[in-house]
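This report concerns only the one structure given below.
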Amino acid sequence: MSRQPGTSVSPSVNGISSLDNIVNGDWALYAGVEFGDSTEYVKQPDSLQIIASCASAGGTVEVWLDSIDTGTKIAQCDIGNTGSWTTYDTFTTRVLAPVSGNHDIYLRFKGSGSSKLFMLQWLKFTDSAHPETTPIKSPSGQIPEHFELGQNFPNPFNPTTAISYKLSALSSVTLKVYDVLGRKVETLVDTRENAGNHFVTFNGDKLASGVYFYTLEAGGVTLRKKMVLIK
């Protein structure tokens, strides 16, 4: 991905890189996206998911094929306040036009004023219909009522996938991945974390295809879900 001067990639929560310092008028480019490559981008997606954080009034992400203004605008997603720059929510919007083949994907960021709009951590085209732009985690800025472990996305995956979880209180947290024989293959989180929404990525590049389980332990609660790695 290339970026206009004025935006930058910097370390963020859980060591994941974010597109930071985004202000009104900035843009970013994902070059050579092949829609129909099942390991990365689905063919004919109908929705777009964006994970972002925001401690300001927020703004809008416009998504264009091949060029801004003269290309095809395929999506527009509003990013709202998530409570802090380290609290990430997932925002979903529908894709407005058919998409297939190889394209350069341009993102244009819009908002009011000259201050920082939001931090963009991750985006993904999907084939699951979501007709409205809405957070799919807990409401922005609110503390979750329960400990929750989200289903990884995408699933199946190759080789990386995102795992989200919610904490209702300051807790000692572990998030570990196991194979079908119960052997631990990786510890993703082992620390104390504040209440709120959390997000981490898992890279199965060195693992064989198959079924794996990830287990969250926090606040005396143990939660487990299954994911599938297909290479």
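The values are calculated or read from the model by the stated rules, or taken from the named source; none is laboratory data. Predicted model only: the values in this text are computed from it and were never measured. A quick note on method: Cβ atoms are made from the backbone with ideal geometry, for glycine too, and the neighbour counts reach across all protein chains shown.
Surrounded by 20 or more Cβ atoms within 10 Å (Cβ to Cβ) and modelled with pLDDT under 75: is that true of SER53 in this structure?
It is false that SER53 is surrounded by 20 or more Cβ atoms within 10 Å (Cβ to Cβ) and modelled with pLDDT under 75.
Out of segment 94-124, which residues are among the hydrophobic types (A, V, I, L, M, F, W, C) and touching a residue at least 24 places away in the same chain (Cβ under 8 Å)?
Within segment 94-124, VAL95, ALA97, VAL99, ILE105, LEU107, PHE109, LEU117, PHE118, MET119, LEU120, TRP122, LEU123 qualify.
Given the conditions (1) touching a residue at least 24 places away in the same chain (Cβ under 8 Å); (2) surrounded by 15 or more Cβ atoms within 10 Å (Cβ to Cβ), report the number of the one that GLU186 does not fulfil.
All conditions are met except number (1).
To keep it simple, each residue is scored yes or no on (1) over 20 Å from the mean Cα position of the chain (by Cα); (2) surrounded by fewer than 18 Cβ atoms within 10 Å (Cβ to Cβ); (3) in contact (Cβ under 8 Å) with a residue 24 or more places away in the chain.
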| position | (1), (2), (3) |
| --- | --- |
| LEU48 | no, no, yes |
| THR60 | no, yes, yes |
| THR70 | yes, yes, no |
| ILE74 | no, no, yes |
| SER84 | no, yes, yes |
| ASP89 | no, no, yes |
| THR92 | no, no, yes |
| ASP127 | no, yes, yes |
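Check VAL221, VAL173 and return the single one that is among the hydrophobic types (A, V, I, L, M, F, W, C), over 25 Å from ALA52 (Cα atoms) and in contact (Cβ under 8 Å) with a residue 40 or more places away in the chain.
So the residue among VAL221, VAL173 that is among the hydrophobic types (A, V, I, L, M, F, W, C), over 25 Å from ALA52 (Cα atoms) and in contact (Cβ under 8 Å) with a residue 40 or more places away in the chain is VAL221.
Name the strands (runs of 3 or more DSSP E) wholly within segment 63-120 that hold at least 1 residues that are among the aromatic types (Phe, Trp, Tyr) and over 18 Å from GLY196 (Cα atoms)?
Qualifying strands (runs of 3 or more DSSP E): 101-110.
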